[in-house]
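Laboratory data are not the source of any read-out in this text; all were calculated from the coordinates shown. Only a predicted model underlies this, so the values are computations on that prediction, with no experimental measurement involved. As a convention, Cβ positions derive from the backbone with ideal geometry for all residues, glycine included, and neighbour counts pool all protein chains shown.
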Amino acid sequence: MRYFRPATLAEALAIRGGEDVAVIAGGTDVYPAHAARRAWGDPVHKDVLDMSGVAELRGIEDRGDHIRIGALATWTELIRAELPPLFDGMKDAARQIGGAQVQNRGTVVGNACTASPAGDGIPNLLALDAAFEIAGPAPARVPASAFFTGYRATACGPRDIVTGVLVPKRGGRGRFVKLGARKYLVISVAMVAAAVETDAAGRVVAARIAVGACSAVARRLPALEADLAGAAVADAARVVAPRHLSDLAPIDDVRASAAYRTAAARALVADCLAGFAHPPAAEEAA
Amino acid sequence: MTVEAFTLLVNGESRAVQAAPFASLADTLRERLRLTGTKIGCDAGDCGACTVLLDDEQVCACLVPTAQAEGRAITTIEGSSGLVERLREAFLAHGAAQCGVCTPGMIMAAAAALTRDPAAGRAAVEDALGGVLCRCTGYVKIVEAVLDVARGANAFASAAAEAGEAVGARIARVDGRPKVDGTDLFGADHQPSDALWLRLVRSPHPSARFTVGDLAPVLARHPGLVRVLTAADIPGANSFGVFPTTKDQPVLADGVVRMRGDPVAALVGAREAVEAFPDGDLPVAYEVLPALSGAAAALAGGAPAIHAEIPGNVLTRGYLERGSVAEGHALAAATASGAFETAFVEHAYIEPEAGHAKRVGDRMEVTACTQAPVMDQEEVARVLGLPMAAVRIVPTACGGGFGGKLDVSVQPVLAVAAWLTGRPVRVVYSRTESMVSSTKRHPASIRARMSADAEGRFTAYEMEADFNTGAYASWGPTVANRVPVHATGPYRVPHVRNATRAVHTNDSNAGAFRGFGVPQAAIAGEALIDDLAEALGMDRWTIRRANALRRGDATPSGQVLHASAGLPECLDAVRGDFFGRAAEAEAFNARSSRTKRGVGLACMWYGCGNTSLSNPSRMRIALSARGELTFFNGAVDIGQGSTTVLLQIAADALGLPARLFCSVVGDTDLTYDAGKTSASRQTFVSGNAARLAGEDLRRRVLALANAGPEARLILDGARLRIEDGPAGRTVDLAALTPDGTGAVLAGEGRYDPPTTALDANGQGIPYATYGFAAQVAEVDVDTVLGTVKVRRVVAAHDVGRAVNPTLAEGQIHGGIAQGLGLALMEEFVPGRTENLHDYLIPTVGDVPEIVVKLIEDREPEGPFGAKGVGEPALVATAPAILGAIRHATGVRVTRVPVLPHRLHEALRLRAAAG
C-alpha cells in the first residue's frame, strides 16, 4: 500500500482525485477497522491519504457569525476552546467519547465522516445546524441535515475532502446526554443533543433536537421542535410524547433491544430538555 | 508495506528507524526500536495499554501512524522524569500494579493528567485513567496511588520487614519494580532476533468439515512463507486437554471444525509474509454444517454428537446428595424456587496470548505466558512425541490469567513450528484471536429449590444445572464437580441434592474462570435465600447469620469444619453496613421516585485446591557459597502476588529477611512443580511447601551450630551467623562443599493438601480448607432507563491470615470489579463481541467505593494460618448486586448480565403486573 502525507490541501485534493484512498486524520476509526479485518485474515488495506500534515485544516476559529471547526481539530481542542454556551452539549459529547487518548486524537470531522449511527458528534452537529465545507471537483457547503445520507454514508464523494464544519453562532445553549453500559470507552446505546434558545420570560424561542444510535442516521425531531416553540422551558421535558419520536427506527444489537432504545430515547430527550430548566452552574452543583 | 526512514524523538533521544508509515507507533516502538514497555492489548484503542505521550498528551500508540509521530516528542514508560518516578514509587507502595501489563499505560495516562494539573482531584484522575483498562486491580489502588502523588507525597515507604516479620507485612511486591519501570517481559516482549513468525488461520464457521488443497502453489506465491502447517504435520499427538481422558482439542483441526476460531492451518515465515497473507489465499474448502448453540439445543433429542464418542453431548455429570430433599422440603414453612441463566464471560486479561519457541538440540524450549508451566510441558511433549524432560517451559510475566491461561494456547503449535523449522518461532495473538480461541466462563442454566422452617433454618436445597462447556472439554469436568459441593452456599443444610451436567455445544469453548462455576451457582442460591427471608418475614442478614457454616458444622459433602470457618465473623463485620445502608436506602427512596437505592447481601465459600485430587507443590531454597539465598519457586505469579506471598512465608519459616532472597520463578528446568496457579491454591498449597522448605533449611542451618529452635540467623555475605541466646556461631559458607546445583545448604518442602475422594453421592473431604466471605452491595437504579450504578461494596473475607494485606485487598478489589462485570455488563457472544469495545469490562468509572474487612480466622493447616483469596474475591459480588437491585426495585433478576434493556423490561413487566 502507498501512504500519502501531503502538506497542502491542493496536493491532498490532487491525490484524492486520482487515487482510491482511505482518508485518515486521527486514526481512531481507521485502525480499529483494520484490526478487525486483519483478525479474520483480511490484511489488505487501501492506500492511505493522511491529512495530518495539511496545516490549513487545523484549529477552531471564530469567524464572526460562525465557528469553523477545522477538519483536523480534535475533541480535546474542542473541549479546551473558548466557545459560547451553544457548544456546551458538543463539549459534553467530546468528554464522553472514548477515553482521553481518543479525545486527543479523534477529530470532530472524522467522527462525522465515519458516519456511524452511534457517532456522538453527529446529533450535536444536527442540533447546531452545522454545515460541512467540502472541497473537491465541485466544492460545496452541505448542511448537516443533507450530509448524512445513510448508514456510514455521507455526501462527501470519493474525490472530495471535508475541510471543516461551520457552526452558526446563535443564541441559546446546547446540551447532550448519552446512555451507555459503562462510564468510559463506551459506544452509545442512545444519545440526544439539543440546542435551545429562550426569551427573557423563559419561553422557548427555538429548539433543535437530534437523537443518535436509534436509526441508521441520527435524526432531528421536527415535530417536537415545533411543539416546543413558545412553551415554558421549565415544562419542556413534559412536552415530549411518543409521536415525536415516531421517525426513529432503532435496531436490536448486542448493546440493547430496539424496544428499549425507543423507550430510552424518549426518556433521554426529556432528560436533555429538563436540563435547560436550570442554569448550567446549578446543574453542576446538583 | 514499503518501509521508509523516520527520525523519532523518543524520551528526548533522536532515533532513526525504518518503518512503514502506516505501521502503528506502538508497533514501531516495540518491534523496530525494541521499546517493549509500551504494551499492545487490543490494537484498536479499546484498552489503553499502549498509552504514550505525544507532545505531553496521552494517546494510544496503536492508533497513531508512525508517519504522524515524526517531529513530535514521544514519551514512553522507558523515559524518566521526577513525576514518572514518583508515580512508579506510589504504584509500588500502594500495590497498584498486579500483573503489570496495564501499568505502563496507567502511569503514562496519570503523568499526562498531573502534568496538566499537578494537584488533580479524583474526578480529573478518573477522567485521565478512563481510557486504560485494568482487569486485575479494580482500579482502587491505582487511583489511590495517583491521588497520593497529586496530593504532593513524594516519599512512598513500603514496609521493610525484618527477619520473622514478613508474614502480615505490607511489603511491596518483590517483582514490582520491573512492572512500574516497563521492563518486565511479557509473552510478546521476548524478541529473538532471528525468529520466524507464526499466524493461525482460523475457521470463521462454528461447525464445518474442511479439506486443505495443495499448498505448494501457496508457498510459491508467498516467498516469505517458510511453512504452512496443517494437522498432518504434527509430529506426536494432534490433541490436548486438561485431563488424560479429555485430550479432545486439536492443535490444528483435522478436517473438522467444532467452534468458530478452530485453527485449520499455521502460517510460518517472515513476519511481513504471515501478516500480509490473506486467508482467502489458502486452499481450504469448508462444508458448513448446522451448529449447536446453547446447552438446550445440544441436549435435544436427535442433536448430532459434537464428539463421536459422546453421543448425547454430555461431557460430565456431577452429583451430591445428603439426607433426603423430599424430607427437607416437608419440614418447610417456606419454599422458594427459580430458574437462572448466565452468559459466557471472557477473561479479558489485557495481555493477549504470546510467546516463542526454539529448538535446542533435541530439546524444545517454549517461552510464553501461562498459569500452568508443568501442564504446558506435558502437552508440548505429547504433541511433539518427546519425553517430558525434553521440553522446557519458561513462563514469561503473565499479563493476567484468571483461569484463561491454564489451558495451553500458543505453546503446542509454536513448539511444532520451531521443531520442524529448526528456527525460533514467535506468535502474538490479536485481541480478537485471543477472545475467539480462549476459554470462557461457562454459561449456566440453573434450576434450584430451597426450603426453610418457621425459624428460618434451611431444611433443603436442590439444584440441577447445565453448564455449556462449548466444543472441547477443557475444565468442564472441574466445573461440573466443584459446583455440587459448593452450590448450597456456606450454610448448614441437612438435605441436599445438587446435580450438574457439562454439555458440549459448538459455542465458544468454556473452561476455567475464577470460581469454576461457583459464582454462577451463587447467583441462584443467594436469590432463593432472599426469597425465603421475604416469605418468612425475616431480614436478609439474620437468615444468613442463623444458617452460616461455622466451626464444628458439617458441609453438604459431610466434611466437618474443624477450624477456620469465619463466615459468622464476616457477617458480623458487615452487619452495621447492611442495616445502616438499607435504612438509608429506604429513607432515600421515600423522597426519590426515579432513582431507587437498594442494598444487597451475599455470602460465599470456596475450597482451596483441586477437588479431591492430589495437587502437590514442591519448593526449594538454596544458599550458595557466596551467601546468595535463592528461592526456587515453581508457582507462576499471574499478578495476584504469589512470588511475594510465598517469599514472605519462606523467609519467616527460615528466619531471614525477605529482602535477602532472589527468586527463580516457574522455569521447569530450574524449579520443581508447584502445580497450577488456579483453584486459589498457591497461598495455601505452595505456601505450605514454601514454609516447609524454609523450615527444612532452617533445621539444617541450626544443626550446623547445634542451636536451639529459637536461634537467630544473620546472613552477611558468605558469613552466616547463628545466635542462640548468649551462644553464637558463624558459618563460613565459602568453606562448605557445594552440591551439583551450587548450593552449600538447601531446604526443600512438599505439600499436598489432605483430601479424600468423593463417593457417588459427593460425600468426602474435597478440600483441606475453605475461604469465606460476606459482601454488601449498594446500588442506585435509574428506574426510567434501567441502568444500575453500584455505589459501594463492603467485603468481609475470612482469609485465615493475610500474609500481605495489601495484596489480599488487591485480590478482593479486582474480584469485585469482575463480579460487577458478571452482574451488569459482560456477555460474550461468539461472532459479535470479539473485541473490547463490543465486549465491555468495567472501567475506572464503574467500580464503586470498596471497603475491605479482612477476617483472620487462622487455618491450622495453612502456612502461618493462611488460606486462598483469589477466587473467593469474586463469588459473592454478583449476587450481592442482584440483591441490591431487588431491594431497590422489587425486580428479582434471573438472568445476567442485567443489561439496561433487560432491567427496563423487567421493571415494565413488574409495573404492568401492578
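Descriptive notes on the structure:
- The spacing between region B:843-914 and region B:725-784, judged by their C-alpha centroids, is 28 Å.
- Globularity index of the protein assembly as shown, i.e. its alpha-carbon radius of gyration over 2.2 N^0.38 Å: 0.94
- Sites B:ALA554 and B:ALA583, calculated FRET efficiency, Cβ-Cβ separation with R0 35 Å, nearest 0.05: 0.45
- Chain A: C-alpha gyration tensor shape, a/c 1.5 cut-off, then a/b vs b/c: prolate
- On the basis of the beta-carbon distance and an R0 of 56 Å, B:ASN154 and A:ASP65 show a calculated FRET efficiency of 0.65.
- Calculated P(r) of region B:617-751 - Cα pairs past 26 Å, %: 20 percent
- For B:41-48, mean number of other protein chain Cβ atoms within 10 Å: 6
- Region B:605-679 - share of DSSP beta bridges that are antiparallel (%, nearest 5): 45 percent
- From the alpha carbon centroid of region A:23-68 to that of region B:180-234 is 31 Å.
- 20 Å cut-off, amide nitrogen to a point 7 angstrom out along B:LEU9 Cα→Cβ, residues in region B:68-94: B:68-84
- Solution diffusion estimate, µm²/s, Stokes-Einstein, region A:173-279, Kirkwood Rh from C-alpha pairs, 4 °C, viscosity 1.567 mPa s: 93 µm²/s
- Shielding by partners, peptide B:191-199 (average Cβ within 10 angstrom, other chains): 0
- Candidate aspartates and glutamates for bridging to A:LYS178, where Cα separation is under 13 Å - those fewer than 8 sequence places away on the same chain excluded: A:ASP92, A:ASP120, A:ASP271
- The order of the peptides B:617-623, B:724-730, B:415-421, B:627-633 by mean Cβ neighbours within 10 Å, most packed first, is B:617-623, B:415-421, B:627-633, B:724-730.
- Secondary structure note: in region B:617-751, about 80% of the DSSP beta bridges are antiparallel.
- Whole-number Å³ per residue for the convex hull built on Cα positions in region B:691-791: 314 Å³
- Global geometry of chain B, whether rounded, prolate or oblate, following the gyration tensor of its Cα atoms and the 1.5 cut on a/c: rounded
- Averaged over the residues of A:101-112, the number of partner chain Cβ atoms lying within 10 Å of the residue Cβ comes to 5.
- Subset of A:LYS91/A:LYS183; B:LYS179/B:LYS789; A:LYS91/B:LYS596 violating a 20 Å alpha-carbon distance limit: B:LYS179/B:LYS789; A:LYS91/B:LYS596
- Taking a straight line from the alpha carbon of B:LYS405, these lysines sit under 16 Å away, with near neighbours fewer than eight places off in the same chain left out: B:LYS440, B:LYS676.
- The share of Cα pairs per 10 Å bin across region A:92-163, counted from zero up to the longest distance, runs 20, 52, 25, 3 percent.
- Using Cβ point charges alone (K and R +1, D and E -1), the dipole size of chain B about the Cα centre works out to roughly 880 debye.
- Of the chymotrypsin sites (Phe, Trp or Tyr not before Pro) in region A:113-190, the ones in a loop by DSSP (not H, G, I, E or B) with at most 16 other beta carbons within 10 Å are A:TYR151.
- The distance separating the Cα centre of region A:73-95 from that of region B:421-460 comes to 43 Å.
- Debye log10 I(q)/I(0) for region B:102-149, one point scatterer per Cα, at q = 0.27, 0.32 Å⁻¹: -1.02, -1.44
- FRET efficiency estimate (nearest 0.05) - Cβ-Cβ, B:GLU287 to B:ALA913, R0 41 angstrom: 0.25
- Region B:360-468: relative contact order as a whole-number percent, Cα under 8 Å and 6+ apart: 22 percent
- Taking only the C-alpha atoms of region B:82-181, the Rg (one decimal) and the largest Cα-Cα distance, Dmax (whole number), read 13.3, 45 Å.
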